[in-house]
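The values are calculated or read from the model by the stated rules, or taken from the named source; none is laboratory data. Bear in mind the structure is a predicted one, so any value in this text is a computation, not a measurement. Cβ atoms come from the backbone with ideal geometry, glycine included; neighbour counts cover every protein chain shown. In case anyone asks, the SASA skips ligands and DNA or RNA and just uses the protein heavy atoms, side chains included. Shrake-Rupley method; radii C 1.70, N 1.55, O 1.52, S 1.80 Å.
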Amino acid sequence: AQAVQRWPPKLVEAGPKEFSELYDKEVRGAITRILQLPDGTGVVTSPSGTDIELAPVAIAKSLHPQAACVHQVVAAINEIGRGVAQAAGGAYTSKVSPVAEIVPRPPASFHLTDRDITEHLEVTALDARCGATGDYIDHSATIAEAVARGAAAAEPVIVHTVLGTKTNKREPFPEGTGCEAADASTFVVVDACQGRYTREEIADLLGKNALITITGSKAWCGPPFSGALLIPAPIMQRLQAMAPADAWVPDMMQHYFTRDDFPETLPAFRAQLPELQNKGLALRWLAALEEMEAYFAAGGDSEAARGMVAQWREGVAAEIEQNHPAIELFEENDTVLNIKVAGAGQTLGTAKLRVLYRLLAEDAAAEVAAAGVALTPEERRVLSTKCLIGQPVHICEDFGIVRLALGANDVRALMEDLNVQQQINVDAQILRKISLIARHAETLLRA
């Protein structure tokens, strides 16, 4: 709130030139400074981590203008943003456009026309886990086949991997793609939109010549709809060296990107985008950057913080084991604890977990009582507590999970207050409400 209050007069009064200068300094420059990005790294912003998927396609096509097809492999589609694979395929994901007022929702077969090559995009979408067991799937062979197919056709390939899925799984970096070569036709895009990464991980990925998508929301706790693409210096140099006429900006991008989203070091792209001041995006990023800066200033990226997070995991795991027979830890992934919930004699699937999630977020005492469940005063108190946790995630045919997760503000609080037990106590309250609802699952969780 304090950061936003510093901006409005400038935002309201600034003309195009002044706004561009402010945006470059206060948003793009702040992302570079706070994440300590290597010299030469490019930062392209967008209204969300979904829309930003259009930028790697534009980059690949611009660097390979004669290609008839851009091949894409999108991993872990059921544990990343819902519209990512759709956006990577060049399809609209909403009837509301961030830049234009309204974009009529196109049919499923809609493809861009004229200069667009969307109808020639080939997208292979891969599930994160085995549908029968929930085990993580090794897709290295599928990725290798896609890379080989693209090379044989002299067409670019974009391999999407994930640094922190919704369950905070880290996919292995795809080896052997050749993405680090000076003239690479294979590009690796790392989805880090959940915001659970270190500066060191970002620097390492950029050093491997990977493009990285980020947002200011999710674990960073900023407002929704603030995305960005980090472009490693070697790819920036290739984009700056290409013929300006080769810069490929499909008409669709004009609904999601403005001139200020691209840095001045990429003038060929900027020239094809609308000269609009997306002040809402600027404010959303500004609010997110405030928390990001506070997190790193408090040592959230330090070994000490990782030690306190480990204590939190151990404390919550002990609370589950000792007091909550209906709850089982499925995976412990750093700042995310993925839990299974049993009710009415079976582990709950995603549909029933959505009902559980809704009841957790509400004062559920009256609704539970109205369903005919007799409650003690203490149980009423537990049910009346509003608990916000991570949304349900489908794991396999037999079950889904919900997530107890620490956001950047939670980790910062651990470092500033040095009180891990306080956070464990908060999660113990959530677990008590989950257990109470699960005890009456047959009555309450009718999906």
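Of note:
- Qualifying position, being open to solvent by 60 Å² or more (accessible area, probe 1.4 Å) and on the phi < 0 side of the Ramachandran plot, among Ala318, Ala287, Ala344, Ala297: Ala297
- Near pairs, Cβ below 9 angstrom, 6+ apart or cross-chain, from the stretch 229-245 (more than 11 Å from Ser62 (Cα to Cα)) to any residue that is assigned to a helix (DSSP H, G or I) and among the acidic types (Asp, Glu): Leu229/Glu53
- Residue under evaluation Leu359, criteria (1) open to solvent by 50 Å² or more (accessible area, probe 1.4 Å); (2) part of a helix (DSSP H, G or I); (3) over 30 Å from Glu303 (Cα atoms), criterion not met: (1)
- In the stretch 18-37, residue farthest from the chain's Cα centre (by Cα) [restricted to those that are farther than 20 Å from Ala297 by Cβ and open to solvent by less than 10 Å² (accessible area, probe 1.4 Å)]: Phe19
- Looking only at the stretch 117-129, and only at residues there that are outside any strand (DSSP E or B) and farther than 13 Å from Glu79 by Cβ, the one that is modelled with the lowest pLDDT: Ile117
- Any chance Asp24 is among the charged types (D, E, K, R), within 30 Å of Glu171 (Cβ to Cβ) and out of contact with any helix residue (DSSP H, G or I) (no Cβ under 6 Å at 6 or more places or on another chain): no
- Complete set of residues in the stretch 123-164 that are free of Cβ contacts under 8 Å to residues at least 40 places away in the same chain and open to solvent by 30 Å² or more (accessible area, probe 1.4 Å): Asp135, Tyr136, Ile137, Asp138, Ser140, Ala141, Ala144, Glu145, Ala148, Ala151, Ala152
- Matching residues in the stretch 222-248 - criterion: being surrounded by fewer than 21 Cβ atoms within 10 Å (Cβ to Cβ), closer than 19 Å to Pro65 by Cβ and under 24 Å from the mean Cα position of the chain (by Cα): Met236
- Screening Gln194 on (1) crowded, with 17+ Cβ neighbours inside 10 Å; (2) farther than 21 Å from Glu332 by Cα shows it passes everything except condition (2).
- Yes/no for Thr258 being among the β-branched types (Val, Ile, Thr), open to solvent by 10 Å² or more (accessible area, probe 1.4 Å) and under 27 Å from Gln72 (Cα atoms): no
- With respect to the conditions (1) open to solvent by less than 30 Å² (accessible area, probe 1.4 Å); (2) more than 27 Å from Thr165 (Cβ to Cβ), Glu264 falls short on a single one, namely (1).
- Condition met for Ala374 (outside any loop (DSSP other than H, G, I, E, B) and small (Gly, Ala, Ser)): no
- Selection of the stretch 386-409 for residues being outside any strand (DSSP E or B), open to solvent by less than 40 Å² (accessible area, probe 1.4 Å) and either of a type in the set (Val, Ile, Thr) or touching a residue at least 60 places away in the same chain (Cβ under 8 Å) (or both) yields Ile389, Ile395, Cys396, Phe399, Leu406, Gly407, Ala408.
- Glu13 vs. criteria surrounded by 17 or more Cβ atoms within 10 Å (Cβ to Cβ), modelled with pLDDT under 95 and out of contact with any strand residue (DSSP E or B) (no Cβ under 9 Å at 6 or more places or on another chain): no
- Of all residues in the stretch 274-293, those satisfying the criterion of being farther than 15 Å from Thr32 by Cα, of a type outside the set (A, V, I, L, M, F, W, C) and over 18 Å from the mean Cα position of the chain (by Cα) are Pro274, Glu275, Gln277, Asn278, Lys279, Gly280.
Matching residues to (1) open to solvent by less than 50 Å² (accessible area, probe 1.4 Å); (2) part of a loop (DSSP other than H, G, I, E, B); (3) among the acidic types (Asp, Glu):
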{"site": "Ala413", "(1), (2), (3)": "yes, no, no"}
{"site": "Gln421", "(1), (2), (3)": "no, no, no"}
{"site": "Val426", "(1), (2), (3)": "no, no, no"}
{"site": "Glu442", "(1), (2), (3)": "no, no, yes"}
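- Filtered by the rule that a residue be open to solvent by 50 Å² or more (accessible area, probe 1.4 Å) and either in a loop (DSSP other than H, G, I, E, B) or modelled with pLDDT under 70 (or both), the stretch 68-105 gives Ala68, Arg82, Lys95, Val96, Pro98, Glu101, Ile102, Pro104, Arg105.
- Within the stretch 305-315, the set of residues being of a type in the set (A, V, I, L, M) and loosely packed, with under 14 Cβ neighbours inside 10 Å comprises just one member, Ala310.
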